[in-house]
Amino acid sequence: MHPILTSITLLILSNIFMTFAWYAHLKELSAKPWIVAAFASWGIALFEYLLQVPANRIGYTVLSVGQLKILQEVITLSVFVPFAVFYLKEPLKTDYLWAGLCLLGAAYFVFRDKF
């Protein structure tokens, strides 16, 4: 598989773990002490790092660090919005759309030499 596609796939998977590590405890462990949530989050985050580190190493063979960072942010928002809406039952806000448009602009500028 092409390094960019491999990197994107691994970053999507790592972001799923990251989003759960950062936010699922708000719903699932809200009655537990914060230290329990922290340890549970660290356990989930281990899997995130096991995917994120190789994703960045593979991606860095063909992308700049700035391109990797913007790619990461686009993927983060693409994973976070459905998570917030469907899992945490947050209302879908137009602010998500505006943030997404800003990230698309950022992606354009860091990737325009690849087009």
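Details
- Listed by chain and number, the lysines placed with their C-alpha closer than 21 angstrom to that of Lys89 are Lys27, Lys32; residues fewer than eight positions away on the same chain are left out.
- In the chain, helices alone account for a calculated mean residue ellipticity at 222 nm of -24000 deg cm²/dmol, with every DSSP H run of four or more residues adding -39,500 (n - 2.57).
- Proximal aspartates and glutamates to Lys69, defined as alpha-carbon separation beneath 18 angstrom and excluding residues fewer than eight positions away on the same chain: Glu48, Asp113
Read-outs throughout are calculated quantities, based only on the coordinates presented, and are distinct from any laboratory measurement. These numbers were taken from a predicted model, which means no experiment stands behind them.
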